[in-house]
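In what follows, a structure is listed as structure tokens, so that the remarks can point back to it.
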Ligand SMILES: CC(C)(COP(=O)(O)OP(=O)(O)OC[C@H]1O[C@@H](n2cnc3c(N)ncnc32)[C@H](O)[C@@H]1OP(=O)(O)O)[C@@H](O)C(=O)NCCC(=O)NCCS
């Protein structure tokens, strides 16, 4: 990644890969149609904490390839490769203006909301209240639920979308917690 705009991503990867960061591409008919990124919570771009919790930073299936169980395939691959995980966590958005991390989609993939906050964006659509949820999919019996450090979440907001997954710019402007 030679470009300056990827410097933060490169720094993140240098730290996260030795800690078990994984990025997988789904190739169908010689074309990349999807991706998933995940790591242990401590190497995640999100401020999710939890013992042996794997955080899914990103999942994406191209629109033209949706509806063929590819999303579930990537989730299943993550689960079967991370047998020591107590469970899997991610975030979800509700009433956000982008199609990213929609709560119903994360639920369809097997996650459930365990806590959340309602926020407004300070600059973009400042009148629109939306929710950010911590999503959880336990795997081990009696797995302890992860927690979200919402205070740091605001400070590392860029990492929320830009560092784990550079295409997402939703974290660029500051948020205001309600
Ligand atoms: C969520 C996502 C990964 C699902 O991928 P997909 O390959 O289309 O989903 P699948 O075919 O594996 O379907 C998963 C489940 O969702 C359901 N589903 C998928 N699309 C649906 C739709 N439009 N309406 C209702 N249900 C739907 C499927 O029926 C399936 O449920 P089932 O197991 O009960 O049958 C994909 O829509 C996506 O990339 N969304 C954007 C994710 C995102 O915001 N990424 C940004 C963060 S980095």
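Laboratory data are not the source of any read-out in this text; all were calculated from the coordinates shown. Nothing here was measured: the structure is a model prediction, and the numbers come from that model. Neighbour counts run over all protein chains shown; Cβ positions are idealised from the backbone, glycine included.
What full-extension length gain, to one decimal in nm, is calculated for residue 112 and residue 17 as 0.36 nm per residue of separation minus the Cα-Cα distance?
On the way: separation 95, 0.36 × 95 = 34.20 nm, distance 2.72 nm.
Using 0.36 nm per residue and subtracting the Cα-Cα distance, I get 31.5 nm.
Need the full-extension length gain, residue 68 to residue 42, defined as separation in residues times 0.36 nm minus the C-alpha distance. One decimal, nm.
Between residue 68 and residue 42, full extension yields 6.1 nm more.
Over its Cα atoms, what ratio of radius of gyration to 2.2 N^0.38 Å does the range 4-177 give?
The range 4-177 yields a ratio of 1.00.
What relative contact order, as a whole-number percentage, does the range 4-177 give when Cα pairs under 8 Å and 6 or more residues apart are counted?
Values: 314 pairs, mean separation 37.4, N = 174.
About 21 percent, as a whole number.
Given the Cα-Cα distance of residue 25 and residue 7 and 0.36 nm per residue of separation, how much length would full extension add, in nm?
Net length gain for the segment: 4.3 nm.
Go ahead and run the numbers for FRET between residue 151 and residue 120, Cβ-Cβ distance against an R0 of 25 Å, rounding to 0.05. The partial results should precede the final answer.
On the way: r = 17 Å, r/R0 = 0.69.
The computed FRET efficiency comes out at 0.90.
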